[in-house]
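Okay, so here's the structure we're looking at.
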């Protein structure tokens, strides 16, 4: 991906942004041109809250080129009902449980992109208790 294109597409990498159908109200992530429920073409941007729970997870032992492994990947069910696939961070594999509350954070995805720039995006981490967060 070239540098100008990367900067045009950074908003979806830094926050969970999908679409809401104006006809039926269905939410979708990632954003698509048409609604998956009613096939309506009139959609509007929708920013998800970034909180949810682990629906399923796996450990990736052999990382693809440009990534360091092993790492955890989860299917996260957001509070709005949409499921998102993302990397888990700030947690060990033996601590992850189905139903564990998680929240979105922005973190580095790759050491360096094709043109030497750092690539950031969203990941999920366990929700910190108020006593730990203070």
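Among what's in segment 97-120 and is modelled with pLDDT of 95 or more and in a loop (DSSP other than H, G, I, E, B), pick the residue that is surrounded by the most Cβ atoms within 10 Å (Cβ to Cβ).
100
Name the residues in segment 26-35 that are modelled with pLDDT of 90 or more and either over 15 Å from residue 82 (Cα atoms) or surrounded by fewer than 12 Cβ atoms within 10 Å (Cβ to Cβ) (or both), would you?
34
Within segment 1-21, can one find any residue that is on the phi > 0 side of the Ramachandran plot and at pLDDT 90 or above?
No, there is no match, as no residue in segment 1-21 is on the phi > 0 side of the Ramachandran plot and at pLDDT 90 or above.
In segment 50-80, how many residues are in contact with a strand residue (DSSP E or B) (Cβ under 7 Å, 6 or more places away or on another chain), part of a loop (DSSP other than H, G, I, E, B) and modelled with pLDDT under 95?
Looking only at that region, the number is 6.
Could you please give the count of residues in segment 81-96 that are closer than 24 Å to residue 32 by Cα and in a loop (DSSP other than H, G, I, E, B)?
Selection size over segment 81-96: 2.
Scan segment 84-95 and report the pairs whose first residue is free of Cβ contacts under 8 Å to residues at least 24 places away in the same chain and whose second residue is surrounded by 12 or more Cβ atoms within 10 Å (Cβ to Cβ), with Cβ atoms within less than 8 Å and a gap of 6+ or a chain change.
Listed by first residue and then by second, the contacts come to 85/73; 85/74; 85/75; 85/76.
Filter segment 68-80 down to residues that are over 14 Å from the mean Cα position of the chain (by Cα) and exposed (fewer than 13 other Cβ atoms within 10 Å of the Cβ) and give me whichever is nearest to residue 101 (Cα to Cα).
70
The values are calculated or read from the model by the stated rules, or taken from the named source; none is laboratory data. Worth saying up front: this structure is predicted, and the values here are computed from it rather than measured. Note that each Cβ is placed from the backbone with ideal geometry, even for glycine, and that neighbours are counted across all protein chains shown.
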